[in-house]
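Here is the structure we will look at, set down as structure tokens.
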Amino acid sequence: MEENLDTLHAASNVSKLVMENDRVRVFDARFKPGEKAAMHKHFDHVMYMFNDGKVKITPLNGKTQIADLKAGQALWMEATAHIVENLGKTDFHFLVIELKK
């Protein structure tokens with residue numbers, strides 16, 4: 001993965017590495033209201049939401065999407081590069097589990 005777009009570096013303001021091994025990386029992601037993660041890449045991954053949140057997601061192709069996410073929701077996402085911004089009025093907290101293989 002390109003280091004300059006790796007979540008470890010590009011989104012370090014909102015994502016903290018919880019664990020990593022040869023098969024997965026796990027990130028704890030916390031966005032304050034209005035906070036944004038710069039363009040960054042993920043391997044295929046699962047997201048688990050700890051609370052409700054509303055985010056704007058802008059992938060490399062520029063086709064912005066707004067997502068209303070719910071506490072307890074889990075989502076599968078293909079490998080991607082994107083910018084993410086918290087549009088909500090409260091902190092948004094979720095877990096990202098990336099599959100390396």
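The values are calculated or read from the model by the stated rules, or taken from the named source; none is laboratory data. Every value quoted in this text rests on a predicted model; they were computed, and no experiment measured them. In this analysis, Cβ positions are derived from the backbone assuming ideal geometry, glycine residues included, and neighbour counts consider all displayed protein chains. For accessibility, only protein heavy atoms count, side chains too; no ligands or nucleic acids. Shrake-Rupley method; radii C 1.70, N 1.55, O 1.52, S 1.80 Å.
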Legend entry - Single unsatisfied condition, residue 4 versus (1) at pLDDT 95 or above; (2) assigned to a helix (DSSP H, G or I): (1)
Legend entry - Selection within segment 30-51 - closer than 14 Å to residue 100 by Cα and open to solvent by less than 30 Å² (accessible area, probe 1.4 Å): 42, 45
Legend entry - Single residue of segment 68-94 satisfying the filter (of a type in the set (Gly, Ala, Ser) and exposed (fewer than 14 other Cβ atoms within 10 Å of the Cβ)) that is nearest to residue 37 (Cα to Cα): 79
Legend entry - Single residue of segment 16-29 satisfying the filter (surrounded by fewer than 16 Cβ atoms within 10 Å (Cβ to Cβ) and either among the charged types (D, E, K, R) or out of contact with any Lys or Arg (no Cβ under 7 Å at 6 or more places or on another chain) (or both)) that is nearest to residue 89 (Cα to Cα): 28
Legend entry - Positions within segment 53-67 being free of Cβ contacts under 8 Å to residues at least 40 places away in the same chain and surrounded by 12 or more Cβ atoms within 10 Å (Cβ to Cβ), in sequence order: 54, 55, 56, 57, 58, 59, 60, 64, 67
Legend entry - Selection count, segment 7-28, where residues are under 12 Å from residue 97 (Cα atoms) and assigned to a loop (DSSP other than H, G, I, E, B): 2
